[in-house]
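Q: Supplied in structure tokens, the structure appears directly below.
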Amino acid sequence: MIRDYTDHAANERTYLAWVRTGIAVMALGFVIEKFNLFVLTIGGSIILEGAAGALVERRLERLSGPLARDGGGVLVLGGIGLIAIATWRFIHTRRLLDDEQTHKASVGRIELIALAALLLVVAGFGAFLAMG
């Protein structure tokens, strides 16, 4: 039997939850990239004259703006970053669990920075959708 098996299992479950979150963030980034490609394709194929054409063109430009263009890539990189941080944290916690000494539990700065960055990205996309 593994010493402190329940602690190691909890560490692994937490790691897998972070990996799932990173994959979900990456998948959202891929969806945004594909949607932007779809909007650009639709915009290139629609040929309308007059005020209706100008209105459609403005709306499509707004949908495929810099946030939509670069947001997907940022989310994919953010998902990769989350998985990298989760892997580092998993290994670090595993070493601490295997150590005979008692260690204090603390929230690291890396986790707080990742949380703040994720919240800013979500707020940015929320504002983009609210204005669109």
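Q: Mind ranking 75-84, 118-127, 11-20 by how tightly packed they are, going by the mean number of other C-beta atoms within 10 angstrom, highest first?
A: 75-84, 11-20, 118-127
Q: Ok, one more. For the pair T87/L129, report the inter-label distance in nm, with labels modelled 7 Å from Cα in the Cβ direction.
A: The answer from the label model is 3.0 nm.
Q: Would you list I113, I85 from fewest to most Cβ contacts within 10 Å?
A: Going from least to most buried by this count: I113, I85.
Q: Follow-up question, since we're still on this one. Could you work out the local net charge near T6, counting Lys and Arg as +1, Asp and Glu as -1, over the other residues with Cβ closer than 12 Å to its Cβ?
A: -1
Q: For R13 and A117, what does the FRET efficiency come to when R0 = 25 Å and r is the distance between their Cβ atoms, rounded to the nearest 0.05?
A: 0.55
Q: Grab the beta carbon distance between R95 and T21, set R0 = 30 Å, and tell me the FRET efficiency rounded to 0.05.
A: Calculated transfer efficiency: 0.85.
FYI, it's all coordinate maths here, none of it is from the lab. What you see is a predicted model, and the numbers here were worked out from it, not measured in a lab. As a convention, Cβ positions derive from the backbone with ideal geometry for all residues, glycine included, and neighbour counts pool all protein chains shown.
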